[in-house]
Amino acid sequence: MTFEHKPVMLDECIDYLNIRTDGVYLDATLGGAGHSSEILKRLGPEGLLIGIDQDQNAIQAAGQRLKKVQTKGRYVLYHTNFENIREVIGMQKLKAVDGVLMDLGVSSHQLDEGERGFSYQQDAPLDMRMNKSEERDAAWVVNNLSREDLTRIIREYGEEKWASRIAEFIVKNREIQKITTTGQLADIIKAAIPAAARRKGPHPAKRTFQAIRIEVNRELEVLERTLKEVVGLLNPGGRLVVITFHSLEDRIVKQAFRDRSQGCVCPGDFPQCVCGRTPEIRVITKKPVTASQSELDENPRSRSAKLRVAEKL
Ligand SMILES: C[S@@+](CC[C@H](N)C(=O)[O-])C[C@H]1O[C@@H](n2cnc3c(N)ncnc32)[C@H](O)[C@@H]1O
């Protein structure tokens, strides 16, 4: 299987991870192992790479790629959601690791594999599950959620101003015929957005497809929960490197970093601290890092990428 996915901000990720040859590094979004193979190259016999992906195809492709890396380092791969990061680290008989990388969202491979149903550019079953063993796919979401829920999801996760019209059109159409393909959904979205609004900006289905994908894979909820957990799973000096691809994700990362880097949160007029909170991390990137001009020219996917880094105290 070929897995064409250009790793985003590869050099930056490797630099920020501060890789030690004897360290343990966890790549929570293995994909095609673009980042992981560079991590593995830098490890010695005492070093370990732990890779996680919820997509079985990614695990297979990454396994094939990592097998070819010239290294003394070891690696283990887990097919699971990164929300299970604590269990995964525990399975290695470890309590913490020296670095965690999260390169969020879908891989180019998932988008290119038409039959996965992520892309509005290819007609395919409406699936969008990163993990094929999950029950709810995109067709289930589109055919079963209420008009109110669909409006909320499309508005919040897609930042789509025509959300309520799109939801209305979905509900009307599904009463006539079940919506089972990406082509059907894309046509319904197009019909819902007035022609003048459709002429500007990206493909009219882009935002709604993003929203449905986020809902199907519970992306924001899982990210929020995992960020809360991950800080406690880093050794002192260990780094958390996160790349996001849209503003909702970036906001969650920024907020989590802010919360965990803050000390006392008692009101200013308290004579002394009663909350007892101390900072757990130091934020390394005050502003998100974006891709260099040469990467932007070469890899359009890097355009929306934002990288943030924190270090465990
Ligand atoms: C952008 S790609 C990563 C690409 C990888 N860094 C590379 O260079 O090849 C994101 C990957 O993370 C996986 N993924 C996304 N959310 C996940 C989650 N909650 N748990 C596990 N894997 C996840 C996706 O299946 C996808 O393969």
- Message: Please verify whether Asp98 is in contact with a Ser or Thr (Cβ under 9 Å, 6 or more places away or on another chain), crowded, with 16+ Cβ neighbours inside 10 Å and either at pLDDT 95 or above or not β-branched (Val, Ile, Thr) (or both), treating the condition exactly as stated.
- Response: no
- Query: Does any residue of region 267-282 turn out to be outside any loop (DSSP other than H, G, I, E, B) and either surrounded by 16 or more Cβ atoms within 10 Å (Cβ to Cβ) or polar (S, T, N, Q) (or both)?
  - Reply: yes
- Report the residue count in region 7-32 for those that are out of contact with any strand residue (DSSP E or B) (no Cβ under 7 Å at 6 or more places or on another chain) and within 16 Å of Leu101 (Cα to Cα). 6
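When only residues in region 106-160 that are of a type in the set (A, V, I, L, M) and modelled with pLDDT under 95 count, which is farthest from the chain's Cα centre (by Cα)?
Leu111
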- Message: Here is a check on your reading of the model: is Asp22 acidic (Asp, Glu), out of contact with any helix residue (DSSP H, G or I) (no Cβ under 7 Å at 6 or more places or on another chain), touching a residue at least 24 places away in the same chain (Cβ under 8 Å) and in the same structural domain as Phe245 (by TED's automatic domain parsing)?
- Response: yes
- Can you list the helices (runs of 4 or more DSSP H) found entirely within region 183-234 that contain at least 2 residues being within 19 Å of Met130 (Cα to Cα) and away from the ligand (no atom under 16 Å from the Cβ)? 206-216
- Is one or more of the residues making up region 11-23 among the aromatic types (Phe, Trp, Tyr), at pLDDT below 95 and crowded, with 18+ Cβ neighbours inside 10 Å? no
- Message: So, Val241, is that one surrounded by 12 or more Cβ atoms within 10 Å (Cβ to Cβ) and in a strand (DSSP E or B) or not?
- Response: yes
- Kindly provide the set of residues from region 54-74 that are within 14 Å of the ligand (Cβ to nearest atom) and either of a type in the set (A, V, I, L, M, F, W, C) or part of a strand (DSSP E or B) (or both), ordered by number. Ala58, Ile59, Ala61, Ala62, Leu66, Val69
- Message: Take the residues in region 285-313 that are farther than 22 Å from Gly105 by Cβ and touching a residue at least 24 places away in the same chain (Cβ under 8 Å); name whichever of them is farthest from the chain's Cα centre (by Cα).
- Response: Leu313
- Give region 112-127 a look and list any residue that's surrounded by fewer than 19 Cβ atoms within 10 Å (Cβ to Cβ) and in a helix (DSSP H, G or I), or say none. Asp112, Gly114, Glu115
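The values are calculated or read from the model by the stated rules, or taken from the named source; none is laboratory data. Worth saying up front: this structure is predicted, and the values here are computed from it rather than measured. When we count neighbours, we look across all protein chains shown, and the Cβ atoms used for this are built from the backbone with ideal geometry, even at glycine.
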